[in-house]
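One structure below.
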Amino acid sequence: MSGERKAAEHNPTNLRAEIDRHIAEGDFALASRRLRDLWRRDPAPATASFITSRIEQLRGKVALTPFKLAILRSFTVEPVVPLLRAEAFSCGIELDVHVGDFNTYVQDMLDGNSSLYRFAPDAVVLAVRAESAAPELSVGFADLGPPAAQLIAERVIRGYEQWIAAFRKHSQSALIVHSLERPQNPSLGILDSQSEAGQSGLIQRVNRELQRMAGEFRGVYVLDYDALVARHGSERWHDERKWLMTRLPISADHLLPMAREWMRFIVPLSGRVAKALVVDLDNTLWGGVIGEDGMAGIKVGPEYPGAAYQALQRVLLDLSRKGILLAVCSKNNPDDAMEALEKHPGMLMRARDFAALRINWTDKAQNLREIAQELNIGLDALAFFDDNSFEREQVRAILPEVTVIDVPHDPLEYASAVLNCAVFERLTLSSEDQQRTAMYAAQRERAGVEQQFQSKEDFFRFLAMEAELETLSELTLGRVAQLTQKTNQFNLTTRRYSEAQIAEMAKQPGWNIFSIRVRDRFGDHGLVGVAITHDEGDQCEIDSFLLSCRVIGRTIETALLAHIAESAAERGRKRLIAWFVPTRKNGPARDFYQQHGFERQEENGAGSLWALDLEHSTLRSPDWIQLRVGQSVVSKLGASLGGNN
């Protein structure tokens, strides 16, 4: 394709016309892809308006994750909302936004009948400026004596505690609280920074207390607004004229960064995260081409220009510590590439840091398919980082589910391009996350050994699996919520819950929340399965049943289901009922209930209802799994503990 033709096809005006043509022709999937292309190439307010109007035409016709966001504010946010919705659409999220009235955030949070709670949001942003939350600390501070200023800071802190406590009483939604911005020009000048009781110091104290509250109230998170403004430059961020005229303090150039900062919370809350990042090697992980430049010629090290590639590697290692898997997809001679990976002195990463390696001359789209299959995750859980624009565009065209990261021309910007990608954000971090790469290394060992056995049963016995079943506790709450938010393939209903929602559910009579932790001779899988049930009358209903992809097909799912069935029978229930709600991703779970003796009761557009007669059920855990419930080892699940009641 000629450069002129390619440029014409990527022209925003031509893209808009193409999008409308695809919509008119009923090719909604392609229209959706082109809308994302348009936003990537022209993320401007006019483009956002076009995209939001077309989202309405695509509603129900393309697969998007619905998410309801409420914004409580002390400044004008309406111009940010279309940008936010367009950015969300580019991440596969259909965002429904409720904007509270100007400066009514306190009433909205305290009043259980306010429009905020009637909207029933998935998340709420509390975007309040220091001028509103702490006016005395922002204006006229020099007139205050130190004791009075301290008292005002205490009052502001107590106010936030009351608002957040009231919110948590009325809602289990996530709450994202803006920190307060320190003054650009403190009223006491350089004297302000000489004491913690100065203007900036007291606002920092309020911000530290907000962090404390986020730790004490589940599902509350702090958006470091002060740091966001500092990153972009306070003088450039603010528009004093707009603030005085329209109560919009943010300059036009920084409305999109504000929207993208909100997206860093919305993406993980919606579950639209990447579980693995696949990177190229030549001119990506190091400078130069290993096959042409050789070990001595590639650039990677502490000095320029190699420092840019080391900076990217540091970011990748940080992602790995957050539980994000890393993989290589490179068109290269395997021997040359592996020598650089293992022996180059400037490399911070080695082959052991990658959960999968594809170093060959195969088409990269095919390699990405194989990597997803090897890691047992969906293509939509992959992100791809490659300096070659042709490879990026080809992957976008062939595998639209994959998140393809735009790579800057300057390698010095590579690290920030990854850091600013919202699909890598996490709001909680479990021990399983921190050990994930090691877990996948053990998984490769298992896969190699499995080939030596003639039957799966013999292999399962060789594994010497141990499963620990337990009810919900403070220690497991975060991981249980995380699994409901991230698990797709073996998830019977795919209901997403926050920590706050699960904690509230556990308090309700009749609700039981189970988890299962698995280890074998190769290592510890961690907490890999969750089941949530609800007793009503003489029957027990399975609300959620899910298992991590790492252990699917090892009969762990049977052990967990058997525990649910037998513990329900112990509580006097006669039937166990469960819905299977099909999605695009949970095909592996489609026949699960039928395979375990359940009978179909009904079927509708949402899914199918199944039932198991507990009085005559023969469902038992496989004998090759050693079961623990609490601290006591049991040979039969019939001796297991009950639920949370």
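The values are calculated or read from the model by the stated rules, or taken from the named source; none is laboratory data. It should be emphasised that the depicted structure is a prediction, and the values quoted were computed from it without experimental measurement. Don't worry about glycine lacking a Cβ; one is built from the backbone with ideal geometry, like all the others, and counts go over all protein chains shown. Calculation scope for accessible area: heavy atoms of the full protein, side chains included, ligands and nucleic acids excluded. Shrake-Rupley method; radii C 1.70, N 1.55, O 1.52, S 1.80 Å.
What's the number of the condition GLN539 fails, among (1) farther than 24 Å from GLU603 by Cβ; (2) open to solvent by 10 Å² or more (accessible area, probe 1.4 Å); (3) modelled with pLDDT of 95 or more?
Exception for GLN539: condition (1).
Can you find, within segment 230-242, the residue that is surrounded by the most Cβ atoms within 10 Å (Cβ to Cβ) among those that are out of contact with any strand residue (DSSP E or B) (no Cβ under 8 Å at 6 or more places or on another chain) and closer than 23 Å to GLN204 by Cβ?
HIS232
Out of (1) within 22 Å of ILE266 (Cβ to Cβ); (2) part of a loop (DSSP other than H, G, I, E, B); (3) in contact with a Gly (Cβ under 8 Å, 6 or more places away or on another chain), the odd one out for PRO186 is which?
That leaves (1) as the condition not met.
Search segment 490-513 for residues that are β-branched (Val, Ile, Thr) and pair each with any residue that is at pLDDT below 95 and part of a loop (DSSP other than H, G, I, E, B) when their beta-carbon atoms are under 6 Å apart and the residues are at least 6 apart or on different chains.
THR494/THR583; ILE513/LEU472
State which residue is least open to solvent (accessible area, probe 1.4 Å) when the search covers only segment 256-287 and only residues that are among the basic types (Lys, Arg) and outside any helix (DSSP H, G or I).
The selected residue is LYS275.
Restricting attention to segment 288-300, report how many residues are surrounded by fewer than 20 Cβ atoms within 10 Å (Cβ to Cβ) and on the phi < 0 side of the Ramachandran plot.
8
What are the residues in segment 198-224 that are open to solvent by less than 50 Å² (accessible area, probe 1.4 Å), in contact with a Lys or Arg (Cβ under 9 Å, 6 or more places away or on another chain) and touching a residue at least 24 places away in the same chain (Cβ under 8 Å), if any?
Hits for segment 198-224 are GLN199, ILE203, ASN207, PHE217, GLY219, VAL220, LEU223.
Do you know which residues across segment 357-376 are among the β-branched types (Val, Ile, Thr) and in a helix (DSSP H, G or I)?
ILE371
Name the pairs whose Cβ atoms lie under 8 Å apart, with the first residue in segment 264-276 and under 24 Å from ALA372 (Cβ atoms), the second among the acidic types (Asp, Glu) and open to solvent by 20 Å² or more (accessible area, probe 1.4 Å), and 6 or more positions between them or separate chains?
VAL267/GLU425; PRO268/GLU425; LEU269/ASP122; SER270/ASP122; VAL273/GLU425
Of the conditions (1) within 30 Å of THR583 (Cβ to Cβ); (2) part of a helix (DSSP H, G or I); (3) in contact (Cβ under 8 Å) with a residue 12 or more places away in the chain, VAL62 clears all except one; give me its number.
(2)
Grab the helices (runs of 4 or more DSSP H) fully contained in segment 381-436, keeping just those with 3 or more residues being without any contact (Cβ under 8 Å) to a residue 40 or more places away in the chain.
Correct list: 389-398.
Please work out which one of (1) without any contact (Cβ under 8 Å) to a residue 12 or more places away in the chain; (2) more than 24 Å from THR428 (Cβ to Cβ); (3) assigned to a helix (DSSP H, G or I) is the condition ASP318 fails and give its number.
Of everything listed in (1) without any contact (Cβ under 8 Å) to a residue 12 or more places away in the chain; (2) more than 24 Å from THR428 (Cβ to Cβ); (3) assigned to a helix (DSSP H, G or I), ASP318 misses just condition (2).
Do you know which residues across segment 487-522 are within 17 Å of the chain's Cα centre (by Cα) and over 24 Å from ASN586 (Cα atoms)?
ALA500 - this is the single residue of segment 487-522 that is within 17 Å of the chain's Cα centre (by Cα) and over 24 Å from ASN586 (Cα atoms).
Only one of these is within 23 Å of LEU463 (Cβ to Cβ), open to solvent by less than 20 Å² (accessible area, probe 1.4 Å) and either outside any strand (DSSP E or B) or in contact (Cβ under 8 Å) with a residue 12 or more places away in the chain (or both): LEU612, LEU627, LEU576. Name it.
LEU627 is the lone residue from the list that is within 23 Å of LEU463 (Cβ to Cβ), open to solvent by less than 20 Å² (accessible area, probe 1.4 Å) and either outside any strand (DSSP E or B) or in contact (Cβ under 8 Å) with a residue 12 or more places away in the chain (or both).
Look at ASP253 and say whether it is more than 30 Å from ASN185 (Cβ to Cβ), without any contact (Cβ under 8 Å) to a residue 24 or more places away in the chain, not in a strand (DSSP E or B) and not hydrophobic (A, V, I, L, M, F, W, C).
no
If I filter segment 476-488 for residues that are farther than 24 Å from ASP623 by Cβ, part of a strand (DSSP E or B), modelled with pLDDT of 90 or more and in contact with a Lys or Arg (Cβ under 9 Å, 6 or more places away or on another chain), do I get at least one hit?
no
For the list (1) buried (at least 16 other Cβ atoms within 10 Å of the Cβ); (2) without any contact (Cβ under 8 Å) to a residue 40 or more places away in the chain; (3) among the hydrophobic types (A, V, I, L, M, F, W, C), I need the number of the one condition that LEU375 fails.
Result: LEU375 passes all but (2).
Can you tell me which of (1) touching a strand residue (DSSP E or B) at 6+ places or on another chain (Cβ under 9 Å); (2) open to solvent by 30 Å² or more (accessible area, probe 1.4 Å); (3) farther than 14 Å from ASN491 by Cβ; (4) of a type outside the set (D, E, K, R) is the one PHE522 doesn't meet?
(1)
Using the structure shown, decide if ARG59 is of a type in the set (D, E, K, R), touching a helix residue (DSSP H, G or I) at 6+ places or on another chain (Cβ under 7 Å) and open to solvent by 10 Å² or more (accessible area, probe 1.4 Å).
In short, no.
Search segment 451-489 for residues being without any contact (Cβ under 8 Å) to a residue 12 or more places away in the chain and open to solvent by less than 50 Å² (accessible area, probe 1.4 Å), and hand back the single one that is nearest to LEU427 (Cα to Cα).
SER473
Quick test for you: out of VAL395, VAL407, pick the one residue that is touching a Ser or Thr at 6+ places or on another chain (Cβ under 8 Å) and either over 26 Å from HIS525 (Cβ atoms) or not basic (Lys, Arg) (or both).
Only one candidate passes the filter, namely VAL407.
What number of residues within segment 94-147 are part of a loop (DSSP other than H, G, I, E, B), hydrophobic (A, V, I, L, M, F, W, C), surrounded by fewer than 17 Cβ atoms within 10 Å (Cβ to Cβ) and at negative phi?
2
Among the residues of segment 130-162 satisfying the criterion of being modelled with pLDDT of 95 or more and under 30 Å from the mean Cα position of the chain (by Cα), which is farthest from VAL99 (Cα to Cα)?
Top of the filtered list is ILE157.
Yes/no matrix, rows are residues, columns are (1) charged (D, E, K, R); (2) closer than 15 Å to ILE298 by Cβ; (3) modelled with pLDDT of 95 or more:
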site: CYS329; (1), (2), (3): no, no, yes
site: ASN333; (1), (2), (3): no, yes, no
site: MET338; (1), (2), (3): no, yes, yes
site: LEU341; (1), (2), (3): no, yes, yes
site: GLY346; (1), (2), (3): no, yes, yes
site: MET349; (1), (2), (3): no, yes, yes
site: ARG352; (1), (2), (3): yes, no, no
site: LEU357; (1), (2), (3): no, no, yes
